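Right, one structure below, let's go through it.
We did not get these values from a lab; they are worked out from the coordinates using the rules stated. These numbers were taken from a predicted model, which means no experiment stands behind them. Neighbour counts run over all protein chains shown; Cβ positions are idealised from the backbone, glycine included.
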Amino acid sequence: MATIDDRATVDRLIAGKGRIDPEDAPDNPWATKIVEYTTPEGRIAWGVVFEHERDQRRYEVATAFVWNPRVIWARNRW
């Protein structure tokens with residue numbers, strides 16, 4: 001699980017189809033989903049779910065810390 005508050009990093013992850021710099025860090029896990037949400041402070045953040053995580057719906061359910069979640073990217077495994 002990762003929370004990112006920098007859109008440029010999110011864009012790099014999407015452009016890399018779920019990985020950033022795989023040549024430099026081949027053991028990093030694949031991201032499977034990115035969920036954009038609003039924080040309680042009103043800022044936009046992105047939750048990243050990785051392939052090894054048990055709860056693949058993490059960040060998709062509104063909580064006290066995750067408001068208005070929406071999936072903005074999901075990896076097509078095929």
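Using a simple spin-label model with points 7 Å from Cα along the Cα→Cβ vector, what separation in nm is obtained for Thr3 and Ala15?
The modelled label-to-label distance comes out at 2.6 nm.
Order of Val66, Val71, Val49 from fewest to most other C-beta atoms within 10 Å?
Fewest to most other Cβ atoms nearby, the residues stand as Val71, Val66, Val49.
Run the numbers on the chain and let me know its relative contact order in percent, using alpha-carbon pairs under 8 Å that are six or more apart.
About 33 percent, as a whole number.
If you take all C-alpha pairs in the chain, what percent of them are over 19 Å apart?
Summing the P(r) of the chain above 19 Å gives 32 percent of all pairs.
So what are the ³J(HN,Hα) numbers for segment 59-65, from phi and the Karplus equation (6.51, -1.76, 1.60; θ = phi - 60°), rounded to whole Hz, Gly and Pro as x?
Couplings: 6, 7, 9, 5, 9, 5, 10 Hz.
Apply the Karplus parameterisation 6.51 cos²θ - 1.76 cosθ + 1.60, with θ equal to phi minus 60°, to every residue of segment 9-16 and state each ³J(HN,Hα) to the nearest whole Hz, in sequence, with x for glycine and proline.
Using θ = phi - 60°, the values come out as 5, 4, 4, 5, 5, 5, 4, x Hz.
Would you grab the residues whose amide H sits under 5 Å from the one on Trp73? Only those 5+ places off in sequence or on another chain, please, with H modelled 1.01 Å from N.
For Trp73, the qualifying residues are Ile34.
Hey, what do the phi angles of segment 32-45 turn into as Karplus ³J(HN,Hα) couplings, whole Hz, using 6.51/-1.76/1.60 and θ = phi - 60°, x for Gly and Pro?
Using θ = phi - 60°, the values come out as 10, 7, 10, 10, 8, 8, 9, 7, x, 7, x, 8, 8, 9 Hz.
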